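Derivation of every value follows stated rules applied to the coordinates shown; laboratory data play no part. This one's a predicted model, so the numbers in the text were calculated from it and none came from an experiment. Reconstructed Cβ throughout: ideal geometry from the backbone, glycine too, with neighbour counts over all protein chains shown.
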Amino acid sequence: MIALAATGITKTYGGFTALSDVSLSVEHGEIRALIGPNGAGKSTLIDALSGRNPCLGRVELMGADISRLTPGKRRRLGLSRSFQKTSIFPRMTVRAQIELAARAVDGSDGMDVLDEFDLRPLADRLAGDIGYGDQRRLDLALAMTGQPHTLLLDEPAAGLSFEESKRLAAHLRDIAARRGVTVVIVEHDMDVVFAIADTITVLQLGQVLAEGRPDDIRANPDVVRAYLGSAA
Amino acid sequence: MLIQCLNGLVYGALLFSLASGLALMFGLRRIVNFSHGALYMLGAYLGYSIATKLGFWPALVLSALALAGLGALLDAAVFRPLQDRDPLIILLVTFGLALIAEDVVQTIWGNDTHSLAMPALLAGIVELPGSSFPVYRIAIIAFGLLVAGGLSLWLKFSRVGLFVRAASFNPTLAAIQGVDTDRVSLMVVAVGAALAGASGVVAAPILSLAPSMAADILVDSFIVVVVGGLGSLTGAFITALILGQINVLGIVFAPEFTALLPFVIMVGVLIWKPTGLAGNRV
Amino acid sequence: MKNSLSWLGFAALGAVGPLAAHFIPAGMTLSLLAQATFAAIFALGIGFLIRQNGTISFGHAAFFGLPGYAVAALLPLKLMPLEVLFAAALVGTVALAFAIGLVVVRVHGIAFGMLTLAIGQGLYEAATRWRAVTGGHDGMTLRLPREVFGLPVKLLQQPHGMFVAAWIVMTLCLVAVWLFARSPWGRLTEAIRDNEERVRFLGYRTLLPRAAVFAASALLVAIAGMLSVLYNAFISPDAIHWTASGSGLIMAILGGSAVAWGPLLGGFVYFFLKHAAGAYTTHWLSIIGVALILVAVAFPNGLAGLMIRQRSRP
């Protein structure tokens, strides 16, 4: 079953074309990684899927057209996202903002998420006062509150330590496999990408350069030349 | 009718020469100068005092120069030290300065209204079909056009102008291009203040001088800057002309509600296009 | 524990005013105190907007004057009892503020300040020019009936009676603001203030809560305006002028808007500073200007911020 489908996504800023007729189809419970050089349009695609910016094209969630819905409506339908730059509420306690996130979606208090992300010991601290790695986890926890079935993650491992990245990868694997959450992830850390992705889509200059299983992508000469280089 | 349109142009020209400084400062530093009306008022009062001794033309030049100095001081003592703080702090500080300026004017020149005699050279009247129109008012329109022309040439062809245009697109990007930001900002604020002062002197013969003159025109020039698109000179120019017409035509047709019309228009424009008519362009 | 302490504090605050009024000889001081209480409620509304929405309004005096004008203009028509008229004027002002809020809260920071200034001045101009209804610059005098809300109007027009009434209203307003800040709505609007985009992506609509806060702050300001018009039986365009908005803003910032009671403190301090300065010098504009600059630059959290910092020092 297709969880998230995008067809003909096109986005231009002034004269610059950030995305040109990009299509994407993600299976239920799949982890899809978007990779590519800077400026390839990865974040723009996440923005288009989540409704951050207006763009041309059609986005479907579980078969329903959501192209014209606000970010908030998409979220209430189960499509959630995190942000490249940590986007939390520094002057609120960790607990208060998880409660806020939970109240928007269902009536719960969201305390299960606190435990899932190891945030309970920090629950009564102000989010601005906790460490960077903890803030990144809080950012993810805000996105995961209320059990969304589809998750868009924009560089969740950025700035994390090796250990933290490994834990994040295992966690994402777990929620996809056990709960059937569909994940679309933009990530520069290739260790994370190749560890968790079921399918990889490579973007270059606003277009899809290649798409396939991790092993095929690793072996694709075009991808190696354009992005992965000899390192991979 | 023709006369009314011309009067509208007169007010529009004054409004533009004042608002252009506000727009430039916003484009460059992302700040709003609440004391801009006070600069205009100080220019007018200084001009009044100088004119009683030396006549109109020296008053215009000296007053503009004095205000340029005051503008440079404003930039060096207020805008630059506070540039990394919340922009609302500059808003409050310039608001405080406007209060002080009003007190200064009341103390030196009193609460009575004054008026400045127009220069003999421009004291005549032009015969138009069906009526006549003072030469001086035509000179004000010319002054507004001169300011508009001069500023656009300056922005287009000088190095400073290039920088100002770049900064209004993206302030951080412009700062790393190796330009002396502080010097550019000093110049822009000084020019903006000089224009405000000159507008005050130019307006003095047709609008009387009173300590409340700062607030009245400040509000109109804010509307010009907001509706025109914050930081945009072209947008400010067009909006100033439209506002000038509305002001005069409204007085003829519906005096009670004229005052509200600019605000209604502003609200309409902001619903339709929250960045103002000209968006972010200079 | 902390909760019951706060309630105790509110009860004490509510009692202090009426008690103090007994020991102050009626006359100038009590009259000033009554007027200062209006100013404090006015500042409370402006501070509420700063705290919940993070925006600075330069036009809130319009909501102070508007209900007064509405009552003054409609009173002679004898359409309804005064109490209903008061309520209607408040409701009308809040409805207007909500409609204005739906437009102005879309812009942020500086542009918001300029917009509210322009709207306030627009209403001021209308009040000065629409002479047939507003009396122009001269303002309007109200002919109030003998009784209002079951109290003799005479009582409310004496310094003692009005001060006690205004003080109780002020305490109730403070409690309302405090309760709001602790409610889910208060949390939500503070979250929107700090990171509106994330709140939208969490599934909330952000326009309505912001407009609602704008309307609620207008309600507080309108209550202050109502008390003032009841006491003075007079309203003039001076009440709406942008310098009145500016004074309210200065009070809120002087007191500090980070805690609910900060603007109240600022209101009283500003009001008495102005009167003390007015007795010795004609330069109170400069004094206020300098005070504003000092507070804005050196103590952005105001007097309340200073006091809290002192207390929390080891």
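General remarks:
- FRET efficiency, 1/(1 + (r/R0)^6) with R0 56 Å, evaluated for A:Asp106 and C:Ala20 via beta carbons: 0.65
- Percent RCO, i.e. relative contact order, over segment C:157-261, from Cα pairs under 8 Å lying at least 6 residues apart: 36
- Along each principal axis, Cα extent of segment C:1-59, largest first, Å: 41, 38, 7
- Its DSSP H runs of at least 4 residues, each contributing -39,500 (n - 2.57), put the calculated 222 nm mean residue ellipticity of chain B at -24500 deg cm²/dmol, to the nearest 500.
- For segment C:38-240: relative contact order, % (alpha-carbon pairs under 8 angstrom, 6 or more apart): 47
- Other residues lying with their Cβ under 14 Å from the Cβ of C:Pro145 contribute a combined charge of +2, Lys and Arg counting +1, Asp and Glu -1.
- Ranked packing of A:35-44, C:120-129, most packed first, by mean Cβ within 10 Å: C:120-129, A:35-44
- Among B:Ile265, B:Ile90, B:Ile223, residue whose mean-square fluctuation peaks in a GNM of chain B (springs only between Cα atoms under 10 Å): B:Ile265
- Choice from B:Leu195, B:Leu54, B:Leu22 showing the highest fluctuation, given a GNM over chain B with Cα pairs closer than 10 Å: B:Leu54
- Rounded tilt (10° steps) of A:132-144 against the dominant C-alpha axis of chain A: 80
- Extreme residue, positive dipole direction of segment B:2-272, given options B:Met213, B:Phe95, B:Asn33 (C-beta unit charges): B:Asn33
- Within chain A, helix-based [θ] at 222 nm, where runs of 4 or more DSSP H residues each add -39,500 (n - 2.57), nearest 500: -9500 deg cm²/dmol
- Sorted from longest to shortest, the spans of the Cα atoms of chain A along the three principal axes equal 50, 39, 36 Å.
- Mean Cα-pair separation over length for segment B:2-272, i.e. relative contact order, pairs under 8 Å, 6 or more apart, %: 42
- Calculated FRET value between C:Leu8 and B:His114, using beta carbons and R₀ = 51 Å, to 0.05: 0.30
- Put the Cα centre of segment C:71-133 next to the Cα centre of segment A:28-85 and the gap is 42 Å.
- Using just its DSSP H runs of length 4 or more, each adding -39500 (n - 2.57), chain C gives a mean residue ellipticity at 222 nm of -25500 deg cm²/dmol after division by all residues.
- Cβ-placed point charges (K, R +1; D, E -1), dipole of chain A about Cα centre in debye, nearest 20: 600
- Label-point separation, B:Trp272 to B:Ala142 (7 Å along Cα→Cβ), nm: 3.5
- Inter-probe distance in nm under a simple model that places probes 7 Å from Cα toward Cβ, at A:Lys73 and B:Ser158: 5.1
- Mean Cβ neighbour count within 10 Å, used as a protection proxy, ranking B:56-64, C:147-155 highest first: B:56-64, C:147-155
- Packing, taken as the mean count of other beta carbons within 10 Å per residue, orders the peptides B:161-167, C:68-74 from highest to lowest as C:68-74, B:161-167.
- At least 24 Å along the helix axis (C-alpha) and Kyte average at least -0.5, DSSP helices within chain B: B:2-29, B:36-54, B:56-74, B:87-109, B:135-157, B:181-203, B:233-253
- Neighbouring partner chain Cβ atoms per residue of A:83-89, average, 10 Å criterion: 3
- Average projection, convex hull of the Cα set of chain B: 15.2 square nanometres.
- Computed E for A:Asp222/B:Leu73 - FRET, C-beta separation, R0 51 angstrom, nearest 0.05: 0.25
- GNM flexibility winner over chain C from C:Ala11, C:Ala95, C:Ala212 (Cα, springs under 10 Å): C:Ala11
- Ordering B:Ala23, B:Asn247, B:Leu155 by Cα displacement along the dipole of chain B toward the positive end leaves B:Leu155 in first place; charges were set at the Cβ atoms of Lys, Arg (+1) and Asp, Glu (-1).
- Label point distance in nm, C:Ala276-A:Asp124, each placed 7 Å from Cα along Cα→Cβ: 4.1
- Legend: mean number of C-beta atoms from other chains within 10 angstrom of residue C-beta atoms, peptide B:17-27, equals 0.
- When each of A:Asp129, A:Asp134, B:Asp75 is scored by the number of other beta-carbon atoms lying within 10 Å, the sequence from fewest to most is A:Asp129, A:Asp134, B:Asp75.
- Evaluated over segment C:38-240, the Cα radius of gyration and Dmax, each in Å: 17.6, 56
- Taking a ≥ b ≥ c as the square roots of the Cα gyration tensor eigenvalues, the protein assembly as shown comes out oblate, since a/c reaches at least 1.5 and a/b does not exceed b/c.
- Shape category assigned to segment A:109-188 from the gyration tensor of Cα positions, a/c cut at 1.5: oblate
- With a 10 Å cut-off around each Cβ of C:74-86, the average count of Cβ atoms from other chains is 0.
- Within straight-line cross-link reach of A:Lys11, lysines at Cα separation under 28 Å, skipping those fewer than 8 residues along the same chain: A:Lys42, A:Lys73, A:Lys85, B:Lys273
- Student exercise, segment B:2-272 dipole from Lys, Arg, Asp, Glu Cβ charges, in Debye to nearest 20: 660
- Computed log₁₀ I(q)/I(0) - Debye formula, equal Cα scatterers, no solvent, segment A:4-108, q 0.13, 0.24 Å⁻¹: -0.56, -1.37
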